[in-house]
Every structure is written in structure tokens, then in C-alpha cells.
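Everything on this sheet refers to the single structure shown next.
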């Protein structure tokens, strides 16, 4: 999910003026980031909608390989092939990560082209996770963010559904069968 720091996100907390005169409500002042940033690694199974996230204090090759080991345990052993769609981050191509793929032959790393994040199905899911975990909340420490992400992932997994890739479907009013739509103009 990228670096997440203890910072406030626009929320619903309003500060009311103390005077008897009616004035406009003003938003509480925020002075930016607090605490140390951390990173959230995530795995997503589009066919079932199941997700796994693990927070780490730093984005290192060791943490990445540790996360891959957690995903290996999380995925059903009956699955013959695991395709990991990755961006071109340096830790994804590190020698330790490539050794992981040699030790686990069912894994195949697929690197997406540069500037093509829309090809990775986890990207829209990160947007949903940010909305569930971070939107409208204030965090004072990295541990608060990690707990919020953990709770949001648990909520998602309780209500999971297959993730469909593509354009959003627009709601259309159903037409009655056998009746043509009336024209938008009249002839005189």
C-alpha cells in the first residue's frame, strides 16, 4: 500500500465557535505527520475476494521475503500455480526474492509494465482498503494505523466477494418487454 504515516485524513470533526454570535463552523487545524511511517504489504485473490495484509516498520527485502512466506502459508496447498503480479520495486527483484521463487516452484512472478498500475487488480482493492481503514480518521502512531488496517482487512474478509476487473456497471432502468420507448419529440 506504500508508505503510511501517522497523519490525519480529512474528517468530520468540526470546531464550533465559542461566541454567542452565529458563525460558520471551521475545521480543526492539523499540523501534518506524526510518528514514523511504515509499510503495508498485501496479497489478494480476485477469484474469491480474499485478502491478506501485513504491516511492517520498514520496506526491506527481508520483510518482503517474510511476507511471501506468509502468503505461501495463507494460500491453499491444492493450488497448483501462484501468479504474483508485482510492480518494478527494487525489493521485488532482489536476489532473496528470486531465491524464494526457486524454492517454491509453484510461484511465478509477473512484473507489470512501468506506468501500468491499472493492470494489477490489487490497486483498486488498495483504494477500498484505504477507504475502510484510513478515511476520515486521525492516527497518532504507526501501531494505530496497523491495527486499523488489520481490522479493515478482517471486515473485508468477512464480507468478501469475487473481484471483477473492468469498468463500473452503470445502473440502467429496466425496460418493459414489448413496449417501445416513446420518442423525445412530437410532430405537429
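Can you name the number of the only condition in (1) within 14 Å of residue 42 (Cβ to Cβ); (2) surrounded by 13 or more Cβ atoms within 10 Å (Cβ to Cβ) that residue 127 fails?
Of (1) within 14 Å of residue 42 (Cβ to Cβ); (2) surrounded by 13 or more Cβ atoms within 10 Å (Cβ to Cβ), only one is false for residue 127: (2).
Quick one: count up the residues across the stretch 86-102 that are more than 19 Å from the chain's Cα centre (by Cα) and surrounded by 11 or more Cβ atoms within 10 Å (Cβ to Cβ). Break it down stepwise before answering.
Step one: list which residues in the stretch 86-102 are more than 19 Å from the chain's Cα centre (by Cα), which gives 90-91, 93-102.
When the remaining residues are screened for being surrounded by 11 or more Cβ atoms within 10 Å (Cβ to Cβ), the result is 91, 93-94, 96-101.
Residues in the stretch 86-102 being more than 19 Å from the chain's Cα centre (by Cα) and surrounded by 11 or more Cβ atoms within 10 Å (Cβ to Cβ): 9 in total.
Mind listing just one residue for me: the one in the stretch 130-141 that is modelled with pLDDT of 85 or more and surrounded by 14 or more Cβ atoms within 10 Å (Cβ to Cβ) and, of those, nearest to the chain's Cα centre (by Cα)?
Start the filter on the stretch 130-141 by keeping residues that are modelled with pLDDT of 85 or more, which leaves 130-135.
Add one more test, that the residue is surrounded by 14 or more Cβ atoms within 10 Å (Cβ to Cβ), and what stays is 130, 132-134.
Values: 130: 6, 132: 9, 133: 9, 134: 10 Å.
Taking the candidates together, the pick is 130.
What is the residue count in the stretch 101-139 for residues that are in contact with a strand residue (DSSP E or B) (Cβ under 6 Å, 6 or more places away or on another chain) and touching a residue at least 60 places away in the same chain (Cβ under 8 Å)?
Residues in the stretch 101-139 being in contact with a strand residue (DSSP E or B) (Cβ under 6 Å, 6 or more places away or on another chain) and touching a residue at least 60 places away in the same chain (Cβ under 8 Å): 4 in total.
Which of (1) surrounded by 13 or more Cβ atoms within 10 Å (Cβ to Cβ); (2) under 17 Å from residue 163 (Cβ atoms) does residue 83 not meet, given it meets every other one?
(1)
The values are calculated or read from the model by the stated rules, or taken from the named source; none is laboratory data. These figures come from a predicted structure and were not determined experimentally. FYI the Cβ positions are ideal-geometry reconstructions off the backbone, even for glycines, and counts take in every protein chain you see.
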